[in-house]
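Structure record follows, encoded as C-alpha coordinates.
The values are calculated or read from the model by the stated rules, or taken from the named source; none is laboratory data. Owing to the predicted nature of the structure, the values given are computational and were not obtained by experimental measurement. Methodologically, a virtual Cβ is constructed for each residue, glycine included, from the backbone with ideal geometry; neighbour enumeration extends over all protein chains shown.
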Amino acid sequence: MLAGHRGHDLGLRNRVDWLLDPARAEKILEDLQRLRDEDPPPCRVAGGMTAEPLPVALEAYTLYARVNLNDPTTWYSVETLMKRLRRLLEELLGPELGMLPTSGGSESALTGLYIAREATGRNIVMASRAAHASIAKAARILGMRLIEAPVDYDLRLDVDSLRRLLRAHQGRVAVVVVTLGVTDNGAIDPILEAAEAAWESGAVLYVDAAWGGFPLLGRPAARGMILPRSGPALVGIDFHKHITPPPSGVLLANTPELLDVVEYQAPYMPSGRQQGLPWTRTAAGLAAAVAALEALGQDGVEKLAQHLYELAERVAEGLRAAGIPVQGGPSTPLVAFNVGRRADSVAEALRRQGWILYPSRLPGVLRYVAKWCHTRSDVEEIVETVALAASRGL
Ligand SMILES: *Cc1c(COP(=O)(O)O)cnc(C)c1O
(Lines give C-alpha, C1' and ligand atoms only; values in the text may rest on other atoms or scores of the structure.)
Protein backbone atom coordinates (compact mmCIF):
# COMPACT_ATOMS: atom_id res chain seq x y z
CA MET A 1 0.00 0.00 0.00
CA LEU A 2 1.40 3.38 -1.01
CA ALA A 3 1.56 6.15 1.56
CA GLY A 4 -0.90 9.01 1.17
CA HIS A 5 0.23 12.40 -0.13
CA ARG A 6 0.77 13.92 3.29
CA GLY A 7 2.96 10.99 4.35
CA HIS A 8 4.92 11.30 1.12
CA ASP A 9 5.65 14.97 1.78
CA LEU A 10 7.20 14.32 5.20
CA GLY A 11 9.43 11.63 3.75
CA LEU A 12 10.57 13.93 0.98
CA ARG A 13 11.49 16.74 3.33
CA ASN A 14 13.84 14.48 5.26
CA ARG A 15 15.37 13.14 2.07
CA VAL A 16 16.21 16.53 0.60
CA ASP A 17 18.22 17.88 3.54
CA TRP A 18 21.58 16.84 1.97
CA LEU A 19 20.75 19.07 -1.02
CA LEU A 20 18.87 22.09 0.28
CA ASP A 21 19.38 24.22 3.36
CA PRO A 22 15.92 24.43 5.01
CA ALA A 23 16.60 27.92 6.44
CA ARG A 24 17.49 29.24 3.01
CA ALA A 25 14.42 27.66 1.42
CA GLU A 26 12.30 29.23 4.15
CA LYS A 27 13.79 32.65 3.45
CA ILE A 28 13.11 32.35 -0.27
CA LEU A 29 9.50 31.45 0.41
CA GLU A 30 9.10 34.42 2.76
CA ASP A 31 10.51 36.65 0.06
CA LEU A 32 8.10 35.24 -2.55
CA GLN A 33 5.22 35.77 -0.10
CA ARG A 34 6.23 39.44 0.26
CA LEU A 35 6.34 39.84 -3.53
CA ARG A 36 2.99 38.13 -3.83
CA ASP A 37 1.46 40.43 -1.22
CA GLU A 38 2.26 43.40 -3.46
CA ASP A 39 -0.02 42.05 -6.21
CA PRO A 40 -3.55 43.47 -6.26
CA PRO A 41 -6.23 41.66 -4.22
CA PRO A 42 -7.58 39.16 -6.78
CA CYS A 43 -11.25 40.12 -6.81
CA ARG A 44 -10.37 43.75 -7.46
CA VAL A 45 -9.03 42.90 -10.91
CA ALA A 46 -12.42 43.43 -12.46
CA GLY A 47 -11.36 43.86 -16.08
CA GLY A 48 -9.19 40.78 -16.57
CA MET A 49 -10.56 37.61 -18.12
CA THR A 50 -9.40 35.29 -15.32
CA ALA A 51 -10.91 35.04 -11.84
CA GLU A 52 -9.97 34.06 -8.32
CA PRO A 53 -10.43 30.26 -8.10
CA LEU A 54 -13.15 28.78 -5.93
CA PRO A 55 -11.38 27.58 -2.73
CA VAL A 56 -12.25 23.92 -3.41
CA ALA A 57 -10.72 24.22 -6.89
CA LEU A 58 -7.48 25.66 -5.49
CA GLU A 59 -7.16 22.76 -3.03
CA ALA A 60 -7.74 20.17 -5.74
CA TYR A 61 -5.24 22.01 -7.93
CA THR A 62 -2.57 21.84 -5.24
CA LEU A 63 -3.28 18.16 -4.67
CA TYR A 64 -2.61 17.42 -8.35
CA ALA A 65 0.12 19.99 -9.01
CA ARG A 66 2.79 17.29 -9.44
CA VAL A 67 0.75 14.77 -11.38
CA ASN A 68 1.62 14.32 -15.06
CA LEU A 69 -1.53 14.39 -17.16
CA ASN A 70 0.47 12.87 -19.99
CA ASP A 71 1.11 9.65 -18.06
CA PRO A 72 -2.29 8.24 -17.06
CA THR A 73 -0.93 4.68 -16.92
CA THR A 74 1.29 5.50 -13.96
CA TRP A 75 -0.87 8.25 -12.44
CA TYR A 76 -4.00 6.21 -12.90
CA SER A 77 -6.26 8.57 -10.95
CA VAL A 78 -6.01 10.86 -14.01
CA GLU A 79 -8.23 8.47 -16.01
CA THR A 80 -10.87 8.68 -13.28
CA LEU A 81 -10.72 12.49 -13.30
CA MET A 82 -11.07 12.47 -17.10
CA LYS A 83 -14.15 10.25 -16.89
CA ARG A 84 -15.70 12.41 -14.19
CA LEU A 85 -15.15 15.68 -16.05
CA ARG A 86 -16.48 14.19 -19.29
CA ARG A 87 -19.56 12.90 -17.48
CA LEU A 88 -20.20 16.34 -15.92
CA LEU A 89 -19.90 18.07 -19.29
CA GLU A 90 -22.06 15.45 -21.02
CA GLU A 91 -24.81 16.11 -18.49
CA LEU A 92 -24.80 19.72 -19.69
CA LEU A 93 -23.96 19.36 -23.39
CA GLY A 94 -25.28 15.96 -24.37
CA PRO A 95 -23.75 12.49 -24.78
CA GLU A 96 -20.63 11.16 -26.52
CA LEU A 97 -18.29 14.09 -26.24
CA GLY A 98 -14.64 13.80 -27.19
CA MET A 99 -12.64 15.63 -24.50
CA LEU A 100 -9.04 16.79 -24.30
CA PRO A 101 -7.91 18.79 -21.24
CA THR A 102 -5.87 21.81 -22.38
CA SER A 103 -4.02 24.72 -20.82
CA GLY A 104 -6.77 27.05 -22.05
CA GLY A 105 -8.32 28.83 -25.01
CA SER A 106 -5.14 29.36 -26.99
CA GLU A 107 -4.04 25.72 -26.82
CA SER A 108 -7.61 24.62 -27.58
CA ALA A 109 -7.66 26.89 -30.66
CA LEU A 110 -4.23 25.76 -31.86
CA THR A 111 -5.30 22.13 -31.47
CA GLY A 112 -8.73 22.74 -33.00
CA LEU A 113 -7.38 24.54 -36.08
CA TYR A 114 -4.75 21.84 -36.52
CA ILE A 115 -7.40 19.10 -36.33
CA ALA A 116 -9.52 20.95 -38.91
CA ARG A 117 -6.54 21.31 -41.25
CA GLU A 118 -5.66 17.61 -40.99
CA ALA A 119 -9.27 16.39 -41.20
CA THR A 120 -10.15 18.45 -44.28
CA GLY A 121 -6.81 18.71 -46.07
CA ARG A 122 -7.56 22.42 -46.46
CA ASN A 123 -5.65 25.48 -45.34
CA ILE A 124 -7.94 28.50 -44.80
CA VAL A 125 -9.21 29.72 -41.40
CA MET A 126 -12.24 32.00 -41.51
CA ALA A 127 -12.93 34.08 -38.41
CA SER A 128 -14.53 37.40 -37.67
CA ARG A 129 -12.48 40.55 -37.25
CA ALA A 130 -13.42 40.51 -33.56
CA ALA A 131 -12.09 36.99 -32.94
CA HIS A 132 -9.55 36.63 -30.13
CA ALA A 133 -5.93 37.35 -31.09
CA SER A 134 -5.03 33.73 -30.32
CA ILE A 135 -6.87 32.64 -33.51
CA ALA A 136 -4.56 34.69 -35.76
CA LYS A 137 -1.63 33.41 -33.72
CA ALA A 138 -2.68 29.76 -34.14
CA ALA A 139 -3.23 30.23 -37.90
CA ARG A 140 0.23 31.74 -38.19
CA ILE A 141 1.92 28.95 -36.22
CA LEU A 142 0.14 26.34 -38.37
CA GLY A 143 0.99 28.09 -41.64
CA MET A 144 -2.72 28.49 -42.36
CA ARG A 145 -4.19 31.50 -44.12
CA LEU A 146 -6.56 33.60 -42.00
CA ILE A 147 -9.40 35.38 -43.77
CA GLU A 148 -11.30 37.84 -41.59
CA ALA A 149 -15.02 38.27 -42.08
CA PRO A 150 -16.70 41.61 -41.28
CA VAL A 151 -18.70 42.20 -38.09
CA ASP A 152 -21.82 44.21 -37.33
CA TYR A 153 -21.98 47.21 -34.99
CA ASP A 154 -22.02 44.90 -31.95
CA LEU A 155 -18.91 43.01 -33.16
CA ARG A 156 -20.92 39.94 -34.20
CA LEU A 157 -19.82 37.94 -37.22
CA ASP A 158 -21.77 39.00 -40.33
CA VAL A 159 -23.12 35.71 -41.69
CA ASP A 160 -24.02 37.02 -45.17
CA SER A 161 -20.43 38.15 -45.65
CA LEU A 162 -19.23 34.81 -44.27
CA ARG A 163 -21.35 32.97 -46.87
CA ARG A 164 -19.95 35.17 -49.65
CA LEU A 165 -16.39 34.55 -48.49
CA LEU A 166 -17.01 30.80 -48.25
CA ARG A 167 -18.33 30.77 -51.85
CA ALA A 168 -15.34 32.79 -53.05
CA HIS A 169 -12.98 30.23 -51.47
CA GLN A 170 -15.06 27.15 -52.20
CA GLY A 171 -13.33 23.88 -51.28
CA ARG A 172 -10.42 25.55 -49.47
CA VAL A 173 -11.79 26.57 -46.08
CA ALA A 174 -10.77 24.13 -43.31
CA VAL A 175 -12.46 25.85 -40.39
CA VAL A 176 -14.94 28.59 -39.53
CA VAL A 177 -14.34 30.15 -36.11
CA VAL A 178 -17.16 31.66 -34.07
CA THR A 179 -16.82 33.33 -30.68
CA LEU A 180 -19.15 33.02 -27.71
CA GLY A 181 -18.15 35.97 -25.58
CA VAL A 182 -16.07 38.36 -27.69
CA THR A 183 -13.27 39.77 -25.53
CA ASP A 184 -13.97 43.40 -26.42
CA ASN A 185 -17.68 43.50 -25.58
CA GLY A 186 -18.95 40.01 -24.66
CA ALA A 187 -20.88 39.59 -27.94
CA ILE A 188 -22.12 36.20 -29.13
CA ASP A 189 -21.69 35.32 -32.81
CA PRO A 190 -24.73 33.90 -34.69
CA ILE A 191 -23.41 30.41 -34.16
CA LEU A 192 -26.14 28.25 -35.69
CA GLU A 193 -26.20 30.15 -38.99
CA ALA A 194 -22.40 30.18 -39.13
CA ALA A 195 -22.32 26.43 -38.38
CA GLU A 196 -24.73 25.73 -41.22
CA ALA A 197 -22.68 27.82 -43.65
CA ALA A 198 -19.46 26.12 -42.51
CA TRP A 199 -20.85 22.61 -42.91
CA GLU A 200 -22.41 23.36 -46.32
CA SER A 201 -18.92 24.27 -47.52
CA GLY A 202 -17.32 21.17 -45.95
CA ALA A 203 -15.50 23.08 -43.19
CA VAL A 204 -15.22 22.23 -39.49
CA LEU A 205 -16.80 24.63 -36.94
CA TYR A 206 -14.53 25.85 -34.15
CA VAL A 207 -16.34 27.54 -31.26
CA ASP A 208 -14.15 29.81 -29.17
CA ALA A 209 -16.06 29.79 -25.90
CA ALA A 210 -12.92 30.23 -23.81
CA TRP A 211 -14.45 32.93 -21.65
CA GLY A 212 -18.19 32.82 -22.48
CA GLY A 213 -18.55 29.03 -22.34
CA PHE A 214 -18.75 28.61 -18.60
CA PRO A 215 -21.48 31.23 -17.94
CA LEU A 216 -23.42 29.89 -20.94
CA LEU A 217 -23.25 26.37 -19.45
CA GLY A 218 -25.22 27.87 -16.56
CA ARG A 219 -28.00 29.23 -18.84
CA PRO A 220 -30.27 26.29 -19.70
CA ALA A 221 -31.82 28.18 -22.64
CA ALA A 222 -28.44 29.08 -24.15
CA ARG A 223 -26.58 25.86 -23.36
CA GLY A 224 -27.73 24.12 -26.55
CA MET A 225 -25.85 26.55 -28.77
CA ILE A 226 -22.41 25.85 -27.31
CA LEU A 227 -21.69 22.73 -29.36
CA PRO A 228 -24.01 22.31 -32.37
CA ARG A 229 -24.42 18.69 -33.41
CA SER A 230 -25.36 18.47 -37.11
CA GLY A 231 -21.80 18.61 -38.45
CA PRO A 232 -18.20 18.41 -37.22
CA ALA A 233 -17.62 20.91 -34.41
CA LEU A 234 -15.07 21.58 -31.69
CA VAL A 235 -15.37 23.96 -28.75
CA GLY A 236 -12.79 25.38 -26.36
CA ILE A 237 -14.00 26.23 -22.84
CA ASP A 238 -11.77 27.61 -20.06
CA PHE A 239 -12.53 27.03 -16.41
CA HIS A 240 -9.72 29.34 -15.32
CA LYS A 241 -11.66 32.33 -16.65
CA HIS A 242 -14.20 31.88 -13.84
CA ILE A 243 -13.62 29.21 -11.18
CA THR A 244 -10.19 27.48 -11.28
CA PRO A 245 -6.52 28.49 -11.35
CA PRO A 246 -4.81 28.39 -14.75
CA PRO A 247 -4.03 26.31 -16.72
CA SER A 248 -7.50 24.77 -16.83
CA GLY A 249 -9.42 24.35 -20.06
CA VAL A 250 -10.92 21.71 -22.31
CA LEU A 251 -11.27 21.10 -26.00
CA LEU A 252 -14.51 19.23 -26.71
CA ALA A 253 -15.52 17.50 -29.94
CA ASN A 254 -19.07 16.58 -30.91
CA THR A 255 -17.51 13.71 -32.89
CA PRO A 256 -14.91 11.99 -30.66
CA GLU A 257 -13.01 10.70 -33.76
CA LEU A 258 -11.89 14.28 -34.49
CA LEU A 259 -9.54 14.00 -31.52
CA ASP A 260 -7.84 10.94 -33.06
CA VAL A 261 -5.94 13.47 -35.17
CA VAL A 262 -3.94 14.51 -32.09
CA GLU A 263 -3.19 10.99 -30.87
CA TYR A 264 0.52 10.21 -31.13
CA GLN A 265 2.97 7.37 -30.61
CA ALA A 266 4.88 7.66 -27.34
CA PRO A 267 7.22 4.68 -27.46
CA TYR A 268 8.89 5.12 -24.07
CA MET A 269 5.70 5.85 -22.13
CA PRO A 270 3.92 3.01 -20.32
CA SER A 271 0.80 3.50 -22.44
CA GLY A 272 2.75 3.77 -25.70
CA ARG A 273 0.58 6.68 -26.80
CA GLN A 274 -0.31 10.22 -25.84
CA GLN A 275 -2.93 12.75 -26.84
CA GLY A 276 -2.74 16.50 -27.44
CA LEU A 277 -0.02 18.90 -28.57
CA PRO A 278 2.07 19.28 -25.36
CA TRP A 279 3.87 16.32 -23.82
CA THR A 280 4.41 16.56 -20.03
CA ARG A 281 1.80 18.77 -18.37
CA THR A 282 0.13 19.10 -15.01
CA ALA A 283 -3.18 17.43 -14.16
CA ALA A 284 -3.83 20.25 -11.66
CA GLY A 285 -6.23 22.18 -13.89
CA LEU A 286 -8.18 19.02 -14.66
CA ALA A 287 -8.51 18.18 -10.95
CA ALA A 288 -9.53 21.77 -10.19
CA ALA A 289 -12.25 21.65 -12.87
CA VAL A 290 -13.60 18.34 -11.54
CA ALA A 291 -13.63 19.65 -7.97
CA ALA A 292 -15.26 22.98 -8.87
CA LEU A 293 -17.95 21.46 -11.09
CA GLU A 294 -18.77 18.63 -8.69
CA ALA A 295 -18.92 21.04 -5.74
CA LEU A 296 -21.21 23.39 -7.66
CA GLY A 297 -23.41 20.75 -9.26
CA GLN A 298 -25.67 21.76 -12.12
CA ASP A 299 -27.69 23.96 -9.74
CA GLY A 300 -24.56 25.76 -8.61
CA VAL A 301 -23.36 26.33 -12.18
CA GLU A 302 -26.74 27.93 -12.92
CA LYS A 303 -26.76 29.94 -9.69
CA LEU A 304 -23.28 31.26 -10.44
CA ALA A 305 -24.21 32.22 -14.01
CA GLN A 306 -27.28 34.01 -12.66
CA HIS A 307 -25.08 35.94 -10.23
CA LEU A 308 -22.65 36.97 -12.99
CA TYR A 309 -25.44 38.12 -15.31
CA GLU A 310 -27.10 40.07 -12.49
CA LEU A 311 -23.86 41.88 -11.73
CA ALA A 312 -23.39 42.74 -15.40
CA GLU A 313 -27.02 43.90 -15.74
CA ARG A 314 -26.59 46.16 -12.73
CA VAL A 315 -23.44 47.70 -14.14
CA ALA A 316 -25.07 48.18 -17.56
CA GLU A 317 -28.24 49.71 -16.08
CA GLY A 318 -26.34 51.93 -13.68
CA LEU A 319 -24.06 53.25 -16.39
CA ARG A 320 -26.93 53.84 -18.82
CA ALA A 321 -28.79 55.71 -16.10
CA ALA A 322 -25.71 57.91 -15.72
CA GLY A 323 -25.76 58.61 -19.45
CA ILE A 324 -22.79 56.43 -20.32
CA PRO A 325 -23.20 54.43 -23.54
CA VAL A 326 -23.00 50.66 -23.02
CA GLN A 327 -22.12 48.42 -25.98
CA GLY A 328 -24.76 45.80 -26.69
CA GLY A 329 -26.07 43.09 -24.29
CA PRO A 330 -24.88 42.13 -21.91
CA SER A 331 -25.34 38.83 -23.77
CA THR A 332 -22.51 37.47 -21.62
CA PRO A 333 -21.54 38.86 -18.18
CA LEU A 334 -19.16 41.51 -19.52
CA VAL A 335 -20.00 45.19 -19.84
CA ALA A 336 -18.13 47.35 -22.35
CA PHE A 337 -18.85 51.04 -21.87
CA ASN A 338 -17.73 54.08 -23.75
CA VAL A 339 -16.26 56.97 -21.80
CA GLY A 340 -14.54 58.42 -24.88
CA ARG A 341 -11.53 60.62 -24.25
CA ARG A 342 -12.01 60.27 -20.48
CA ALA A 343 -11.11 56.56 -20.59
CA ASP A 344 -7.68 57.06 -19.01
CA SER A 345 -8.92 59.28 -16.19
CA VAL A 346 -11.88 56.98 -15.49
CA ALA A 347 -9.51 53.99 -15.29
CA GLU A 348 -7.28 56.01 -12.96
CA ALA A 349 -10.21 57.01 -10.72
CA LEU A 350 -11.20 53.34 -10.49
CA ARG A 351 -7.63 52.38 -9.66
CA ARG A 352 -7.60 54.88 -6.79
CA GLN A 353 -10.67 53.08 -5.43
CA GLY A 354 -8.79 49.79 -5.80
CA TRP A 355 -10.60 48.60 -8.95
CA ILE A 356 -8.70 47.54 -12.04
CA LEU A 357 -10.71 47.65 -15.27
CA TYR A 358 -9.19 46.93 -18.67
CA PRO A 359 -9.40 48.72 -22.01
CA SER A 360 -10.70 47.11 -25.21
CA ARG A 361 -9.76 47.35 -28.88
CA LEU A 362 -12.60 49.85 -29.24
CA PRO A 363 -11.33 53.38 -28.62
CA GLY A 364 -12.59 54.98 -25.39
CA VAL A 365 -14.13 51.70 -24.20
CA LEU A 366 -13.46 50.11 -20.79
CA ARG A 367 -14.63 46.67 -19.73
CA TYR A 368 -16.13 45.31 -16.53
CA VAL A 369 -15.98 41.48 -16.28
CA ALA A 370 -18.27 39.96 -13.63
CA LYS A 371 -16.71 37.57 -11.07
CA TRP A 372 -18.25 35.19 -8.53
CA CYS A 373 -16.57 37.10 -5.68
CA HIS A 374 -18.14 40.48 -6.59
CA THR A 375 -21.11 41.75 -4.63
CA ARG A 376 -23.86 44.22 -5.42
CA SER A 377 -22.16 46.89 -3.40
CA ASP A 378 -18.94 46.27 -5.33
CA VAL A 379 -20.62 46.97 -8.65
CA GLU A 380 -22.48 49.97 -7.23
CA GLU A 381 -19.13 51.40 -6.16
CA ILE A 382 -17.74 50.79 -9.66
CA VAL A 383 -20.73 52.46 -11.32
CA GLU A 384 -20.57 55.49 -9.02
CA THR A 385 -16.85 55.90 -9.56
CA VAL A 386 -17.19 55.67 -13.34
CA ALA A 387 -20.15 58.05 -13.43
CA LEU A 388 -18.35 60.63 -11.31
CA ALA A 389 -15.06 60.44 -13.20
CA ALA A 390 -16.77 60.48 -16.60
CA SER A 391 -18.78 63.60 -15.81
CA ARG A 392 -15.85 65.52 -14.38
CA GLY A 393 -14.55 68.22 -16.66
CA LEU A 394 -17.35 67.89 -19.22
C1 LIG B 1 -8.98 34.03 -22.83
C2 LIG B 1 -9.40 33.77 -24.21
C3 LIG B 1 -8.58 33.06 -25.10
C4 LIG B 1 -7.20 32.60 -24.72
O5 LIG B 1 -7.30 31.61 -23.76
P6 LIG B 1 -6.11 31.23 -22.78
O7 LIG B 1 -6.81 30.40 -21.76
O8 LIG B 1 -5.59 32.51 -22.22
O9 LIG B 1 -5.10 30.50 -23.56
C10 LIG B 1 -9.07 32.80 -26.35
N11 LIG B 1 -10.28 33.23 -26.73
C12 LIG B 1 -11.09 33.94 -25.93
C13 LIG B 1 -12.40 34.41 -26.43
C14 LIG B 1 -10.67 34.23 -24.63
O15 LIG B 1 -11.47 34.92 -23.81
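For this structure, a couple of remarks:
- Of all the residues in the range 82-108, those that are more than 16 Å from the ligand (Cβ to nearest atom), among the charged types (D, E, K, R) and either in a loop (DSSP other than H, G, I, E, B) or over 22 Å from L296 (Cα atoms) (or both) number 1.
- Listing of strands (runs of 3 or more DSSP E) fully contained in the range 139-218 that carry 1 or more residues being more than 23 Å from L89 (Cβ to Cβ) and either touching a residue at least 24 places away in the same chain (Cβ under 8 Å) or not polar (S, T, N, Q) (or both): 145-149, 173-179
- Looking across the range 260-311 at every residue that is among the polar types (S, T, N, Q) and touching a residue at least 12 places away in the same chain (Cβ under 8 Å), the one that is nearest to G212 (Cα to Cα) is identified as Q306.
- Cβ-Cβ under 7 Å pairs, at least 6 apart or on other chains, the range 97-112 side charged (D, E, K, R) and modelled with pLDDT of 95 or more, far side outside any strand (DSSP E or B) and more than 6 Å from the ligand (Cβ to nearest atom): E107/L277
- Among the conditions (1) of a type outside the set (A, V, I, L, M, F, W, C); (2) farther than 17 Å from S77 by Cβ; (3) under 18 Å from the mean Cα position of the chain (by Cα), the only one that G297 does not satisfy is (3).
- When L277, L304 are checked against the criterion of being within 16 Å of the ligand (Cβ to nearest atom) and more than 15 Å from the chain's Cα centre (by Cα), a single residue qualifies: L277.
- Meets criteria (assigned to a helix (DSSP H, G or I) and closer than 28 Å to E263 by Cα) for T111: yes
- One residue stands out among those in the range 114-134 that are over 20 Å from R163 (Cα atoms) and assigned to a helix (DSSP H, G or I): the one that is nearest to the ligand (Cβ to nearest atom), which is S134.
- Scanning the range 219-248 for residues that are more than 10 Å from the ligand (Cβ to nearest atom) and assigned to a loop (DSSP other than H, G, I, E, B) yields a count of 14.
- If you go through the range 249-272 and keep only what is away from the ligand (no atom under 16 Å from the Cβ), closer than 21 Å to A233 by Cα and either among the hydroxyl-bearing types (S, T, Y) or surrounded by 20 or more Cβ atoms within 10 Å (Cβ to Cβ) (or both), you end up with A253, N254, T255, L258, L259.
- Filter pass, V151 being under 27 Å from S103 (Cα atoms), of a type in the set (A, V, I, L, M, F, W, C) and either away from the ligand (no atom under 16 Å from the Cβ) or outside the structural domain of P325 (by TED's automatic domain parsing) (or both): no
- Residue within the range 123-132 that is within 30 Å of G300 (Cα to Cα) and in the same structural domain as W211 (by TED's automatic domain parsing) present: yes
- Index of the failed condition, A130 passing every other in (1) modelled with pLDDT under 95; (2) crowded, with 23+ Cβ neighbours inside 10 Å: (1)
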